Each structure stands twice: as structure tokens, then as C-alpha cells.
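Shown next, in C-alpha cells, is the structure this report addresses.
The values are calculated or read from the model by the stated rules, or taken from the named source; none is laboratory data. Just so it is clear, the model here is predicted, and its values are computed rather than measured. Cβ placement follows ideal geometry from the backbone for every residue including glycine, while neighbour counts extend to all protein chains displayed.
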Amino acid sequence: MSRPSLLFMPGSSGAASFWLPVGELLPPAWRKRYLDWPGMGSVAPSPNIASYDDLADLVLDRLEEPTALVAQSMGGVVAAKVAIRRPDRVSHLVFTATSGGIDRSAFDLADWRSDYIKAYPHAPAWIFEHTSDLSEELRALRMPVLLVWATRDAISPVAIGHHLAGLMQQARLVEIDSDDHWVVRQHPEQVAGEIARLIQGPA
């Protein structure tokens, strides 16, 4: 892949700027785009966005070529839906601290919703709705996958990363010693290096 295309997708903060510290460390010749989530965090809402499927449509509208989807937290659910619907448009997947759309009931999770609602009282209710379990669909994906997790993340425990690593055929899990759900912002150099390794393939 001479000029890789990457699309960076945030979590529930909604702000594409979340990924800038990582993206700026990747080769300047690569095509890098950053997507906001309408209605999340401080991002203005859109009348066309009222579900995770609508967000997946938003992403698909921007995929003019095979693209690596780089997704944080709930953005990983959207990335999973996109990859399942159009695997031909997704060259690679990067999941960081996300459920990826699997059933989370078997995992011990901290509840982040009340703090989020206090910070963003106008947040749409559908953000918190549980999506259907995508495990079988994820199992069928064939593109290379990078999983990045903090070892002590209470919101998305590393056990979920291990589960996804066992579920997805070409997945590699990287654990970073941290308790921060936003671990990629703590360690942008390491995360950028792992993404470059994924995109460029074996030396």
C-alpha cells in the first residue's frame, strides 16, 4: 500500500481532535482524515444522526477507497458495523478500549454514563443503548486488526481485548501499562508505532 488511507474515529467525546497526537506522528504522505460524531460531547447534533447505524452510514459515505479505520471506545462499535457491512472498503481495523460491538454482560465494567450525562446533559439517549452482539460477524472478518488496551482500564477491561483477540482471525493485542481509558493520548508514540507496523506489514 503506497499511500495508505486512514480514518480516525473518536469515542463518546465526539471530537476528532482526540486522535491528532497519534495521527501527527504517522508518515505525512499518508492520507489521514478525522471524523467528529454529531451530537456527542460538544459537537453540534445533526438531524440525520440518531443511531449507531446512522454513524456507520456517515463513515461509509467517506470511504472512497480501502481505508484503515482507527477507532476509540464507542467509535469501535461504529467501525465494527462498517467493516461488517463493507469489508471491501476496510483495509485494516484499529480498536482501542472498545467493546467492538460484542456482548459486554460477562465483563466487569465501570459505569461511565452518569458522569457523561453530567458533563453533557443534552446527550442523545441512543448513545447508551446496547447494540446487538456482533461476535459472529466479527469472527468472519479477514482484514488485519490491531487491538490497543490499557492493562487496568475499568471502562473497557483488558479482558475484552483478549476476547476480541481470540475472536478475530488476524488480530494482535497490545497492552499498555495504564489505568486510563484514553491510554492512546498518554502514549501517542507507542500507539502510532503500532499502527505503522500494522499498515506497513512485516519488515
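Does any residue of segment 145-157 turn out to be in a helix (DSSP H, G or I) and surrounded by fewer than 17 Cβ atoms within 10 Å (Cβ to Cβ)?
First, the residues of segment 145-157 that are in a helix (DSSP H, G or I): none.
No, segment 145-157 has no match at all.
Would you be able to say whether some residue in segment 159-170 is at pLDDT below 95, crowded, with 19+ Cβ neighbours inside 10 Å, within 14 Å of the chain's Cα centre (by Cα) and closer than 18 Å to Ala79 by Cα?
No, there is no match, as no residue in segment 159-170 is at pLDDT below 95, crowded, with 19+ Cβ neighbours inside 10 Å, within 14 Å of the chain's Cα centre (by Cα) and closer than 18 Å to Ala79 by Cα.
For Glu137, are the conditions met, namely being surrounded by 14 or more Cβ atoms within 10 Å (Cβ to Cβ), over 15 Å from the mean Cα position of the chain (by Cα) and closer than 24 Å to Arg85 by Cβ?
Values: surrounded by 14 or more Cβ atoms within 10 Å (Cβ to Cβ): yes; over 15 Å from the mean Cα position of the chain (by Cα): yes; closer than 24 Å to Arg85 by Cβ: yes.
Against the criterion (surrounded by 14 or more Cβ atoms within 10 Å (Cβ to Cβ), over 15 Å from the mean Cα position of the chain (by Cα) and closer than 24 Å to Arg85 by Cβ), Glu137 qualifies.
Is it the case that segment 33-48 has a residue that's touching an Asp or Glu at 6+ places or on another chain (Cβ under 7 Å) and surrounded by fewer than 14 Cβ atoms within 10 Å (Cβ to Cβ)? Let's see the steps before the verdict.
Of segment 33-48, the ones touching an Asp or Glu at 6+ places or on another chain (Cβ under 7 Å) are 43, 48.
Then keep just the ones that are surrounded by fewer than 14 Cβ atoms within 10 Å (Cβ to Cβ); that gives 48.
Yes: one or more hits.
To keep it simple, each residue is scored yes or no on (1) surrounded by 18 or more Cβ atoms within 10 Å (Cβ to Cβ); (2) touching a Pro at 6+ places or on another chain (Cβ under 7 Å).
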{"position": "Ala71", "(1), (2)": "yes, no"}
{"position": "Met74", "(1), (2)": "yes, no"}
{"position": "Arg85", "(1), (2)": "no, no"}
{"position": "Leu93", "(1), (2)": "yes, no"}
{"position": "Asp103", "(1), (2)": "no, no"}
{"position": "Phe107", "(1), (2)": "no, yes"}
{"position": "Asp111", "(1), (2)": "no, no"}
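From the list Arg142, Arg172, exactly one residue is assigned to a loop (DSSP other than H, G, I, E, B) and out of contact with any helix residue (DSSP H, G or I) (no Cβ under 6 Å at 6 or more places or on another chain). Which is it?
Sole residue among the options that is assigned to a loop (DSSP other than H, G, I, E, B) and out of contact with any helix residue (DSSP H, G or I) (no Cβ under 6 Å at 6 or more places or on another chain): Arg142.
Testing Leu146 on (1) within 14 Å of the chain's Cα centre (by Cα); (2) of a type outside the set (Val, Ile, Thr); (3) modelled with pLDDT under 95, one condition comes back false. Which one is that?
Only one criterion is unmet by Leu146, namely (3).
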